[in-house]
Amino acid sequence: MGSGGGGYEKDLNLEATELRLGLPGTTSSTAATDQEPEARHARNNKRSLVDRCEEEASKDASRALQKDHDSAPSSKAQIVGWPPIRSYRKNSLQATKTETETSLTGIYVKVSMDGAPYLRKIDLNVYKGYSDLLKALENMFKFTIGDYSEREGYKGSEFAPTYEDKDGDWMLVGDVPWEMFMTSCKRLRIMRGSEARGLGCAV
Amino acid sequence: MDPSKSRDSAESTRVIQFPNDVLERILSLIDSHRDRSAVSLVSKAWYNAERWTRRHVFIGNCYAVSPQIVARRFPNIRSVTLKGKPRFSDFNLVPPNWGAEVHAWLAVFADQYPLLEELRLKRMTVTDESLKFLARKFQKFRALSLLSCDGFSTNGLEAIATDCRHLTELDIQENGIDDISGNWLSCFPENFTSLEVLNFASLSSDVNFDALERLVSQCKSLKILKVNKNITLEQLQRLLVRAPQLTELGTGSFLQELTAHQYEELERAFIGCKNLHALSGSWEATTLYLPVLYPACTNLTFLNLSYAALPSEELAKLVAHCPHLQRLWVLDTIEDVGLQAVASNCPLLEELRVFPADPYDQDINRGVTESGFLAVSLGCRKLHYVLYFCRQMTNAAVARIVQNCPGFTHFRLCIMKPGQPDYVTNEPMDEGFGAVVKTCTNLRRLGVSGLLTDLTFEYIGRYAKNLETLSVAFAGGSDRGMQCILDGCPKLRKLEIRDSPFGNGALLSGLEKYESMRSLWMSACKVTLNGCKMLARQRPRLNVEVMKDEDMDDGQSYKVYVYRTVAGPRTDAPSFVHTL
């Protein structure tokens with residue numbers, strides 16, 4: 001009986017009722033080698049970054065805070081400082097991911113054409129650049145846009161593609177780099193007639 | 001009389017009577033700080049001659065010595081390199097406001113080295129006030145390099161640009177900088193001509209392009225130019241035609257829509273850069289215009305694509321034009337196929353770093369594997385420096401890799417899931433790393449990962465006789481592992497360990513070792529406060545610093561940072577750092 005004390009205690013399953021510090025399901029001393037990797041680092045009593053985030057989110061009931069954190073699914077625990085990548089690189093990867101993610105959801109803008117009975121809507125993301133976009137507009141509204149030059153705008157047609165930017169100003173399509181255009185364009189308007197020719201005229 | 005004995009004694013007399021000014025002339029030709037350290041140990045005369053002629057001082061741990069001690073020993077310093085925080089601070093393991101502030105150093109330098117010309121800082125805290133102080137107090141200041149530093153903003157850079165009349169180098173890399181505006185670039189005086197190195201690739205705010213263009217036109221000695229993402233291709237073309245003498249270029253974004261004419265002009269601009277040997281940039285995967293670079297790639301020795309998520313086809317086409325490539329940094333978006341292209345096209349490759357594009361998503365199966373690494377080892381026999389992030393590895397592959405390239409000096413393998421075994425055999429990665437240390441006798445730096453038992457550390461202790469730096473994470477089985485390292489690696493200087501089951505026994509087994517090392521870091525291990533106290537008591541010439549580990553729930557875990565010092569305990573330690 002005496003020497004089999006360990007067996008007796010095991011039967012009582014004292015471990016289950018033992019009070020101790022540490023996360024549930026963890027033990028303090030086990031050899032690392034015969035454990036699954038996940039269990040091992042869970043046993044370190046380590047609070048993952050996501051665990052802490054979830055705790056804080058439930059504390060202030062602010063879901064928005066949680067969204068700002070890692071884009072990885074919250075079911076996967078993230079360890080502080082792992083993999084070992086510098087903050088600068090980490091943030092820059094995050095920024096590129098967010099950029100690609102917004103681009104995946106689409107940048108829809110309304111397109112109106114002077115004289116047309118109804119407006120259309122297009123996704124700017126679909127187009128690789130200005131030439132792509134203008135070709136699509138030509139097809140959509142059955143007209144021809146002239147040739148673009150920085151000096152004279154669109155020559156050779158009575159149409160001019162314009163857009164309303166973030167400041168509320170009406171700009172000629174094509175002046176700024178494509179990426180900048182994509183982020184600042186709120187709506188498109190294909191101007192026609194004398195109004196169109198007025199744009200791009202040097203005084 | 002033994003003829004060799006008499007010759008020796010005659011020679012030793014000759015050394016002592018060597019005229020000082022001749023000795024100083026000769027010693028001033030020695031640059032390497034390690035050589036100079038050796039020189040200073042020969043004799044008192046040589047120690048003095050060395051200290052008078054030293055122009056550049058390298059301080060690997062800012063708390064190992066004080067600025068006063070440095071100034072007392074070396075009266076004629078013109079250039080300082082200072083490193084501060086422990087390396088794991090790069091990965092958020094060191095709380096903010098830990099220290100390593102440069103200001104105390106600048107204050108002493110302003111007094112003792114008013115002619116200071118160069119300052120290179122790594123992992124130091126630098127404030128805008130410090131930058132303003134630097135710009136004001138050092139009239140001959142020429143070169144500033146900040147890597148992985150924090151505490152300052154672009155306002156501080158304004159002071160540098162405005163007041164440093166002889167600035168030749170401004171190198172801002174990967175810092176925790178408060179990027180308020182790009183106005184600093186416009187602060188260079190109108191007639192400024194001295195710049196040779198300008199690197200602002202890591203800053204995101206817009207700079208005034210006209211000011212940049214003027215700067216580049218006027219600085220005829222500009223050799224290194226690395227611009228940020230906001231500089232368009234069209235703007236890049238204008239810069240390149242004004243600086244065809246560039247040897248290193250960091251481009252902006254490659255996303256602009258170019259007309260055929262603009263494309264031709266850009267291509268011509270790159271053809272004009274005949275001296276380019278290093279290229280970098282933040283490119284997008286969808287870039288169409290990489291071919292403009294091809295003519296400039298013939299002489300490339302360093303290609304840094306670690307911020308460019310290129311797919312394998314684009315990379316393959318690019319490296320086909322880089323036959324002389326020696327160093328390549330990439331993202332794992334290039335996959336094994338991309339690495340195979342590297343192996344086929346770059347036989348002179350010596351250094352490869354593969355960073356993860358998606359480090360936190362454990363579900364995905366993309367990136368590089370053991371095949372890519374193996375392919376490179378077959379095609380690039382001169383390979384000696386690798387940093388490799390991957391999601392799977394095998395012992396067999398690692399063994400073959402080092403068989404192909406036994407000359408490894410730096411082997412840093414990061415299997416991204418902690419404690420992951422050989423994915424084919426399910427065994428620990430012990431034998432793989434064992435092969436590394438057995439085969440690569442010149443190994444100086446090792447980063448281990450994956451599932452590792454004490455056996456790995458037995459191997460390292462037994463075979464890695466030239467090892468200087470070792471990084472350990474989520475590895476080992478017991479104190480014995482760390483003990484093997486401390487007992488076995490005679491040249492060990494830096495040991496950093498996290499999340500490994502090494503406790504007080506292991507910590508104390510290094511009693512004889514720590515004074516010959518630069519530093520030891522342990523976090524989320526099994527050391528206790530008592531163990532650290534014991535170490536501190538027995539080794540008063542070490543600083544044993546502990547911080548409560550906030551990432552651990554049990555309230556008993558400590559982060560320990562141990563380092564040798566001649567400056568005594570820190571006087572600027574924040575409340576959460578306790579020197580025992």
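The values are calculated or read from the model by the stated rules, or taken from the named source; none is laboratory data. These numbers were taken from a predicted model, which means no experiment stands behind them. For neighbour counting, all protein chains shown are included, and Cβ atoms are generated from backbone atoms with ideal geometry for every residue, glycine included.
All conditions but one from (1) in a loop (DSSP other than H, G, I, E, B); (2) at pLDDT 95 or above apply to residue B:213; the one that does not is (1).
Looking across B:266, B:233, one residue alone is touching a Gly at 6+ places or on another chain (Cβ under 9 Å), over 23 Å from residue B:143 (Cα atoms) and not β-branched (Val, Ile, Thr). It is B:233.
Taking the range B:426-445 as the range and being in contact with a helix residue (DSSP H, G or I) (Cβ under 7 Å, 6 or more places away or on another chain) and more than 12 Å from chain A (Cβ to nearest Cβ) as the test, the residues that pass are B:431, B:432, B:433, B:434, B:435, B:436, B:437, B:438, B:439, B:440, B:443. Within the range A:172-188, residues that are touching a residue at least 24 places away in the same chain (Cβ under 8 Å) sit with their Cβ atoms under 6 Å from residues that are basic (Lys, Arg) and assigned to a strand (DSSP E or B), at 6+ positions apart or across chains, in these pairs: A:187/A:110.
Is it the case that the range B:400-419 has a residue that's in a loop (DSSP other than H, G, I, E, B), out of contact with any Asp or Glu (no Cβ under 6 Å at 6 or more places or on another chain), polar (S, T, N, Q) and more than 14 Å from chain A (Cβ to nearest Cβ)? For the range B:400-419, residues in a loop (DSSP other than H, G, I, E, B), out of contact with any Asp or Glu (no Cβ under 6 Å at 6 or more places or on another chain), polar (S, T, N, Q) and more than 14 Å from chain A (Cβ to nearest Cβ): present. Test residue B:460 against the stated conditions and say whether it is out of contact with any Gly (no Cβ under 6 Å at 6 or more places or on another chain) and surrounded by 23 or more Cβ atoms within 10 Å (Cβ to Cβ). Yes: the conditions hold for residue B:460.
Okay, residues lined up against (1) surrounded by fewer than 22 Cβ atoms within 10 Å (Cβ to Cβ); (2) modelled with pLDDT of 95 or more:
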site	(1), (2)
B:507	no, yes
B:530	yes, no
B:537	yes, yes
B:541	yes, no
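Where strands (runs of 3 or more DSSP E) fall entirely within the range B:76-173, those with at least 2 residues that are within 24 Å of residue B:50 (Cα to Cα), in contact (Cβ under 8 Å) with a residue 24 or more places away in the chain and of a type in the set (D, E, K, R) are at B:118-122. The set of residues in the range A:150-173 being at pLDDT below 90 and within 14 Å of chain B (Cβ to nearest Cβ) consists of A:150, A:151. Does any residue of the range B:246-259 turn out to be of a type outside the set (D, E, K, R), without any contact (Cβ under 8 Å) to a residue 60 or more places away in the chain, in contact with a Phe, Trp or Tyr (Cβ under 6 Å, 6 or more places away or on another chain) and part of a loop (DSSP other than H, G, I, E, B)? The answer is yes; a qualifying residue exists. Take the residues of the range B:260-289 that are in a loop (DSSP other than H, G, I, E, B) and among the aromatic types (Phe, Trp, Tyr): which is surrounded by the most Cβ atoms within 10 Å (Cβ to Cβ)? Checked the range B:260-289; the qualifying residue surrounded by the most Cβ atoms within 10 Å (Cβ to Cβ) is B:283.
For residue B:519, indicate whether it is free of Cβ contacts under 8 Å to residues at least 40 places away in the same chain and of a type in the set (S, T, N, Q). No. Identification of helices (runs of 4 or more DSSP H) wholly contained in the range B:467-580 with 2 or more residues that are of a type in the set (D, E, K, R) and either at positive phi or away from every other protein chain (no Cβ under 14 Å) (or both) yields B:529-538.
Put simply, of B:373, B:355 the only residue that is within 14 Å of chain A (Cβ to nearest Cβ), crowded, with 21+ Cβ neighbours inside 10 Å and under 26 Å from the mean Cα position of the chain (by Cα) is B:355. Exactly one of these conditions fails for residue B:206: (1) at pLDDT 95 or above; (2) farther than 26 Å from residue B:95 by Cβ. Give me its number. Single failed check for residue B:206: (1). For beta carbons closer than 7 Å, sequence separation of 6+ or different chains, a first residue in the range B:474-502 that is under 18 Å from residue B:552 (Cβ atoms) and a second that is among the small types (Gly, Ala, Ser) and surrounded by fewer than 22 Cβ atoms within 10 Å (Cβ to Cβ), the qualifying pairs are B:496/B:471; B:501/B:477; B:501/B:478. Within the range B:54-75, the set of residues being within 22 Å of residue B:515 (Cβ to Cβ) and free of Cβ contacts under 8 Å to residues at least 40 places away in the same chain comprises B:57, B:58, B:59, B:70, B:72, B:73. Of all the residues in the range B:233-278, those that are farther than 17 Å from residue B:216 by Cβ and within 14 Å of chain A (Cβ to nearest Cβ) number 11. Among residues of the range A:120-135 being surrounded by 13 or more Cβ atoms within 10 Å (Cβ to Cβ) and assigned to a loop (DSSP other than H, G, I, E, B), the one that is farthest from the other protein chains (Cβ to nearest Cβ) is A:127.
Residue A:115 satisfies every condition listed in (1) farther than 30 Å from residue B:172 by Cβ; (2) modelled with pLDDT of 85 or more; (3) assigned to a helix (DSSP H, G or I) except (3). Restricting attention to the range B:495-533, the residues that are in contact with a Pro (Cβ under 9 Å, 6 or more places away or on another chain) and within 17 Å of residue B:460 (Cα to Cα) total 1.
Residue-by-condition table, conditions (1) without any contact (Cβ under 8 Å) to a residue 24 or more places away in the chain; (2) surrounded by fewer than 19 Cβ atoms within 10 Å (Cβ to Cβ):
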| position | (1), (2) |
| --- | --- |
| B:377 | no, no |
| B:393 | no, no |
| B:405 | no, no |
| B:426 | yes, yes |
| B:444 | no, yes |
| B:456 | no, no |
